[in-house]
Amino acid sequence: MEALKGLIADFDNAMVVNNDVSYFGPIRRELIDLTKEYGELIRVEVLIGGYNDDARSLYEVPEVRRWVRKLLERWPDALLWLTPASLWYFILSLNPKMFSRQANGKIELEMDLESVINQIGDGMAAGAQTLRDAGMADNAVDHVFDQGLANIKRMIEPKKFLEDYNVLHPKDGKPFLYADVKP
């Protein structure tokens with residue numbers, strides 16, 4: 001099992017229903033600071049509570065799709081910071097025509113990989129510029145960008161995601177739920 005350096009951010013149903021993305025701002029700031037400090041991509045696993053009893057995947061829920069769009073409108077660089085699992089449901093939230101639920105309950109995907117790579121690439125380019133604006137050296141930004149490219153590869157490989165990696169804070173190597181800072 002691989003360990004990814006990062007944070008776990010838990011958003012509740014009320015934030016999603018009310019289209020409140022403000023809680024992501026302080027998380028993003030910490031991701032930028034930690035990425036600069038450690039010289040490598042620090043990721044965030046985005047959890048959304050309140051849907052455990054819902055048979056749909058998060059990317060099938062209209063208010064989650066709306067919330068994801070709003071978050072990315074405010075912070076286009078957010079796609080750079082996401083873990084492969086979070087990147088997966090963000091991309092499917094943005095592209096609901098790429099999947100359909102079949103009569104047997106299974107999801108059928110028809111992913112336009114070129115479109116997905118372009119979307120993620122735009123977010124990663126915005127993230128690279130954010131890091132440059134924050135004072136990170138070009139060679140370090142290039143290294144982070146390469147780690148972001150590896151996220152794309154992990155996202156499209158057949159995986160079980162959370163069973164394939166742990167998200168651990170870079171300072172102490174322990175899971176860290178980003179829940180203490182509120183906007």
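Under 15 Å of direct C-alpha separation, and excluding same-chain neighbours fewer than eight residues apart, Lys171 reaches these aspartates and glutamates: Glu30, Asp33, Glu37, Glu40.
Most tightly packed first, judged by the mean number of other beta-carbon atoms within 10 Å of their residues, the peptides 10-19, 48-57 read 10-19, 48-57. Dimensions of the chain based on its C-alpha atoms, expressed as ranges along the principal axes with the largest first, amount to 51, 36, 33 Å. Averaged over its residues, the range 68-140 has an accessible area of 49 Å² per residue, based on protein heavy atoms and a 1.4 Å probe.
Extension gain, Leu47 to Asp146: 0.36 nm times the residue separation minus the Cα-Cα distance gives 33.2 nm.
Let me know the whole percent of all Cα-Cα pairs from the range 85-153 that are separated by more than 18 Å. Looking at the range 85-153, the distances longer than 18 Å represent 48 percent of pairs.
Solvent-accessible surface of the range 1-53, averaged per residue with a 1.4 angstrom probe and all protein chains in place: 42 square angstrom.
Applying a DSSP loop filter and a limit of 13 other Cβ atoms within 10 Å to the GluC sites (Glu not before Pro) in the range 59-88 leaves nothing. Heavy-atom surface analysis with a 1.4 Å probe gives the chain a carbon and sulfur content of 49 percent of its accessible area.
The values are calculated or read from the model by the stated rules, or taken from the named source; none is laboratory data. Keep in mind that this is a model prediction, so the values were computed, not measured. A quick note on method: Cβ atoms are made from the backbone with ideal geometry, for glycine too, and the neighbour counts reach across all protein chains shown. Areas reflect the complete protein model, heavy atoms only, side chains present, ligands, DNA and RNA absent. Shrake-Rupley method; radii C 1.70, N 1.55, O 1.52, S 1.80 Å.
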